[in-house]
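Structure first, commentary second.
The values are calculated or read from the model by the stated rules, or taken from the named source; none is laboratory data. Predicted, not measured: the structure shown is a model, and the values here were computed from it. Note that each Cβ is placed from the backbone with ideal geometry, even for glycine, and that neighbours are counted across all protein chains shown. The protein model used for the area step is the full one, side chains on, heavy atoms only, and it has no ligands, DNA or RNA in it. Shrake-Rupley method; radii C 1.70, N 1.55, O 1.52, S 1.80 Å.
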Amino acid sequence: MNPADTIWMNGEFVPWEDAKVHVLTHALHYGTGVFEGIRAYETERGSAIFRHGDHLERLEQSARLYYMELPHPREQLREATHELISRNGFRSCYIRPLVFRGAGPMGLNPLENEVESVIAVWEWGAYLGEEGKQKGVRGKVSSWRRISPDSLIPHAKASGQYLNSVLAKIESLKAGYEEAILLDDKGYVCEGTGENVFVVKDGVICTPPQTAGILDGINRKSVMQIARDLGYELVERNVARAELAMADEVFLTGTAAELTPLCEIDDLEIGPPGPVTREIQQVFDDALHGRAPQYREWLDVVPVPSKA
Ligand code: PPE
């Protein structure tokens with residue numbers, strides 16, 4: 001991770017080292033924040049943010065589900081992100097907007113605590129390693145189940161909810177694996193700690209539906225569309241645990257992880273990335289980098305600042 005010079009905080013650009021909060025920040029104690037993970041890529045037309053509008057829409061929804069309003073309209077967050085990328089001189093970077101309950105009264109009622117917002121950017125390479133993206137990563141089904149809709153809101157990308165992913169991630173790393181796959185509360189395959197899952201069998205691609213308690217990933221949606229455009233049959237349905245090991249191919253999608261194949265699950269070989277994974281990965285990579293004209297509308301090009 002390569003830090004930036006400048007962070008956007010509550011409407012202002014501040015130096016990285018000055019972007020600070022009080023120790024009684026509500027979100028620090030109770031997890032009352034929502035965030036996004038977005039990426040910008042270098043393209044022919046300049047630096048471009050992948051599905052920026054969709055990410056900001058999900059941010060607003062996540063906030064709403066936790067009774068927060070965005071302190072700044074989406075369009076202002078969008079423009080602030082453009083300027084932040086330009087000010088930091090990045091061509092490609094990871095973008096992390098965070099909206100959270102700030103310092104104020106303690107206790108579980110957050111409604112009197114001001115809603116604050118920050119946007120940070122940094123240079124972030126392949127999340128599960130460049131080799132992982134090429135050759136696949138080793139996964140383990142976690143003993144932790146994905147948070148259920150009975151207790152929390154799988155659809156929201158909320159800070160406190162990530163304790164679930166943190167436990168699963170630590171468990172898998174300590175056991176010598178690179179990623180954990182969480183089952184949902186009913187025992188069906190749900191997702192990785194920060195990625196959605198796709199299973200390929202006999203040319204058909206399956207992915208768990210929204211009702212399986214997934215975070216409805218923006219890369220998931222993009223890959224679903226790409227797969228269908230390539231002529232594959234794509235089915236959203238419950239996936240049993242054993243289907244991971246019996247699959248011809250398994251891959252994960254997410255902003256940080258992009259498209260990363262799974263080569264092993266629970267010490268059973270799935271194999272090196274197969275032809276379906278490879279084909280989709282290539283088109284997806286072209287879409288991210290502005291090389292696929294049919295997916296151009298997914299890119300929000302960062303305007304070059306005028307030299308006034
Ligand atoms: N599920 C979870 C739980 C999740 O966190 C992510 C994104 C996804 C699915 C895929 O969503 P999308 O990025 O919209 O396709 N995880 C973000 C956070 C990762 C992190 O380490 O922080 C991300 O990839 O940015």
Open item on the list: Within segment 1-158, what whole-number % of the accessible surface is contributed by carbon and sulfur, with the 1.4 Å probe and all protein chains included in the calculation?
Closed with: 49
TODO: Measure up LYS20/LYS174; LYS20/LYS221; LYS135/LYS201 against 30 Å on the Cα-Cα distance and list the ones that go over.
DONE: LYS20/LYS174; LYS20/LYS221
Open item on the list: From the alpha carbon gyration tensor of segment 1-92, can you work out the equivalent ellipsoid semi-axes (sqrt of 5 times each eigenvalue) and give them in Å, largest to smallest?
Closed with: 24, 18, 11
Open item on the list: I need the calculated FRET efficiency for the pair TRP122 and ASP18, taking r as the beta carbon distance and R₀ as 25 Å, to the nearest 0.05.
Closed with: 0.95
- [ ] Taking the Cβ of LYS174 as the centre, find all other residues whose Cβ is under 14 Å away and add up their charges (Lys, Arg: +1; Asp, Glu: -1).
- [x] 0
Task: Residue-normalised accessible area of segment 69-136, given per residue in Å² at a 1.4 Å probe - done: 51
- [ ] Specify whether the C-alpha gyration tensor of segment 59-104 places it in the rounded, prolate or oblate class, a ≥ b ≥ c being the square roots of the eigenvalues: rounded for a/c under 1.5, otherwise prolate if a/b is larger than b/c and oblate if not.
- [x] prolate
Task: segment 182-282 shape via C-alpha gyration tensor axes, a/c threshold 1.5 - done: rounded
TODO: Could you pull the Rg and Dmax for the chain, using just the Cα atoms, both in Å?
DONE: 19.5, 61
TODO: Return the tail of the calculated pair distribution for segment 1-159, meaning the percent of Cα-Cα pairs more than 18 Å apart.
DONE: 64
Task: Å³ per residue enclosed by the Cα convex hull of segment 133-209 - done: 111
Task: Net length gained if the chain between GLU114 and LYS201 were fully extended (0.36 nm per residue, minus Cα distance) - done: 26.4 nm
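Could you please report the charge total around GLY102, scoring K, R as +1 and D, E as -1 over all other residues with beta-carbon less than 11 angstrom from its beta-carbon?
Overall, the nearby charge balance is -2.
As a test of the formula, what do you get for the chain when each DSSP H run with n ≥ 4 contributes -39,500 (n - 2.57) and the sum is divided by the residue count, at 222 nm and rounded to the nearest 500 deg cm²/dmol?
-8000 deg cm²/dmol
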Open item on the list: I need the peptides 37-43, 291-297, 22-28, 173-179 ranked by packing, meaning the mean over residues of other C-beta atoms within 10 angstrom, with the highest value on top.
Closed with: 37-43, 22-28, 173-179, 291-297
Task: Where only C-alpha atoms are counted, convex hull volume of segment 90-171 per residue in Å³ - done: 155
